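**Q** Below you'll find the structure I mean.
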Amino acid sequence: MIQVGILLLTCTGALAQVPGFGSCPKVDVVQNFDVSKYLGVWYEVQKYFAVFEFGGKCITANYTQKSDGSVNVLNRQINVLTGKPSTIEGSAKLAGSTNEGKLSVVFPSVPGQIPAPYWILDTDYENYAVVFSCTDVTLFHAKIIWILTRKQDPSKEVLEKAYSVLDKNQLSRSPLMKTIQKNCTSAH
């Protein structure tokens, strides 16, 4: 049974995330979400493992408003082995209720161009954001969490606020991996 689940996760591309049994967990998202306050540069400080970020450091996401009302997403990182920067660009739009922090993100350069859920569990817009993405795959689900901050080296207090969001939603901290945010001059 486990081998079937791993095969399903691999075939759907969901292996890039943390797998679990059953459906995606129920989580609370930001209400009265203000896209305009969320715009700008965010630094990834911790995350669940993601294949598409493997070997990356100095990971940032820059969100800018597009004329059609959607949000341009520009993700950057530096390869830890080669030192070479890379980027991927996509777009996000609000999904579901317009006052919820639920977005749908598409990266045109990714095969299949399947919209991915990008749910903001909480943010104060100025210091931190906790982002959740989860996909159901038959008897399993695959999830990823990002802790984003406005500073490359956030204070312990900012991180504690982010952790409390995970705790409130009963999401494990144990899979979190620290993102290297040092020697990042060629990232931008």
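**Q** Within region 68-83, how many residues turn out to be outside any strand (DSSP E or B) and at pLDDT 95 or above? Spell out how you get there, then give the answer.
**A** Here is the first cut: in region 68-83, the residues outside any strand (DSSP E or B) are 68-70, 80-83.
From what's left, at pLDDT 95 or above: none.
Adding up the residues that qualify gives 0.
**Q** Determine if region 36-47 includes at least one residue that is touching a residue at least 24 places away in the same chain (Cβ under 8 Å), surrounded by 13 or more Cβ atoms within 10 Å (Cβ to Cβ) and either in contact with a helix residue (DSSP H, G or I) (Cβ under 6 Å, 6 or more places away or on another chain) or over 23 Å from residue 128 (Cβ atoms) (or both).
**A** No, because not a single residue in region 36-47 is touching a residue at least 24 places away in the same chain (Cβ under 8 Å), surrounded by 13 or more Cβ atoms within 10 Å (Cβ to Cβ) and either in contact with a helix residue (DSSP H, G or I) (Cβ under 6 Å, 6 or more places away or on another chain) or over 23 Å from residue 128 (Cβ atoms) (or both).
**Q** Taking region 146-173 only, how many residues are in a loop (DSSP other than H, G, I, E, B) and either closer than 13 Å to residue 25 by Cβ or of a type in the set (Asp, Glu) (or both)?
**A** At the first step, the residues of region 146-173 found to be in a loop (DSSP other than H, G, I, E, B) are 150-155, 169-173.
Now drop any that are not either closer than 13 Å to residue 25 by Cβ or of a type in the set (Asp, Glu) (or both), which leaves 153, 169-172.
Going through region 146-173 one residue at a time, the tally reaches 5.
**Q** When the residues of region 97-113 are filtered to those that are under 22 Å from residue 23 (Cβ atoms) and in contact with a Ser or Thr (Cβ under 9 Å, 6 or more places away or on another chain), which remaining residue is surrounded by the fewest Cβ atoms within 10 Å (Cβ to Cβ)?
**A** 105
**Q** Quick one: residue 66 ticks every box in (1) in contact (Cβ under 8 Å) with a residue 40 or more places away in the chain; (2) on the phi < 0 side of the Ramachandran plot except a single one, so which number is it?
**A** With (1) in contact (Cβ under 8 Å) with a residue 40 or more places away in the chain; (2) on the phi < 0 side of the Ramachandran plot applied to residue 66, the lone miss is (1).
**Q** Given the conditions (1) within 16 Å of residue 63 (Cβ to Cβ); (2) out of contact with any Phe, Trp or Tyr (no Cβ under 8 Å at 6 or more places or on another chain), which single one is not true for residue 103?
**A** Among (1) within 16 Å of residue 63 (Cβ to Cβ); (2) out of contact with any Phe, Trp or Tyr (no Cβ under 8 Å at 6 or more places or on another chain), residue 103 violates only (2).
**Q** Report whether or not residue 143 is over 19 Å from residue 33 (Cα atoms), modelled with pLDDT of 95 or more and not in a helix (DSSP H, G or I).
**A** Numbers: over 19 Å from residue 33 (Cα atoms): yes; modelled with pLDDT of 95 or more: no; not in a helix (DSSP H, G or I): yes.
Taking the combined requirement at face value, the residue does not satisfy it.
**Q** Name the residues in region 138-182 that are farther than 17 Å from residue 61 by Cα and in contact with a Cys (Cβ under 9 Å, 6 or more places away or on another chain), would you?
**A** Across region 138-182, the qualifying residues are 141, 142, 143.
**Q** Please go through (1) over 16 Å from the mean Cα position of the chain (by Cα); (2) surrounded by fewer than 17 Cβ atoms within 10 Å (Cβ to Cβ); (3) modelled with pLDDT of 90 or more for residue 88 and return the number of the only condition it doesn't satisfy.
**A** Single failed check for residue 88: (1).
**Q** Can you tell me which residue in region 14-61 is modelled with the lowest pLDDT, limited to those that are within 20 Å of residue 179 (Cα to Cα) and among the hydroxyl-bearing types (Ser, Thr, Tyr)?
**A** Only one residue tops the list, namely 48.
**Q** Here's a follow-up. Would you check which residues across region 84-108 are free of Cβ contacts under 8 Å to residues at least 40 places away in the same chain and assigned to a strand (DSSP E or B) and list them?
**A** Correct list: 86, 87, 88, 89, 90, 91, 92, 93, 103, 104, 105, 106.
**Q** Given the criteria over 27 Å from residue 158 (Cβ atoms) and basic (Lys, Arg), does residue 84 qualify? First the steps, then the outcome.
**A** Numbers: over 27 Å from residue 158 (Cβ atoms): yes; basic (Lys, Arg): yes.
Spelling it out, residue 84 is indeed over 27 Å from residue 158 (Cβ atoms) and basic (Lys, Arg).
**Q** Could you grab me the full set of residues in region 28-67 that are among the β-branched types (Val, Ile, Thr), touching a Ser or Thr at 6+ places or on another chain (Cβ under 9 Å) and farther than 18 Å from residue 165 by Cα?
**A** 41, 59
**Q** Answer yes if at least one residue in region 107-120 is more than 23 Å from residue 37 (Cα to Cα) and either at pLDDT 95 or above or among the β-branched types (Val, Ile, Thr) (or both), and no otherwise.
**A** yes
The values are calculated or read from the model by the stated rules, or taken from the named source; none is laboratory data. What you see is a predicted model, and the numbers here were worked out from it, not measured in a lab. Heads up, the Cβs are rebuilt from the backbone with ideal geometry, glycines too, and the neighbour counts pull from every protein chain shown.
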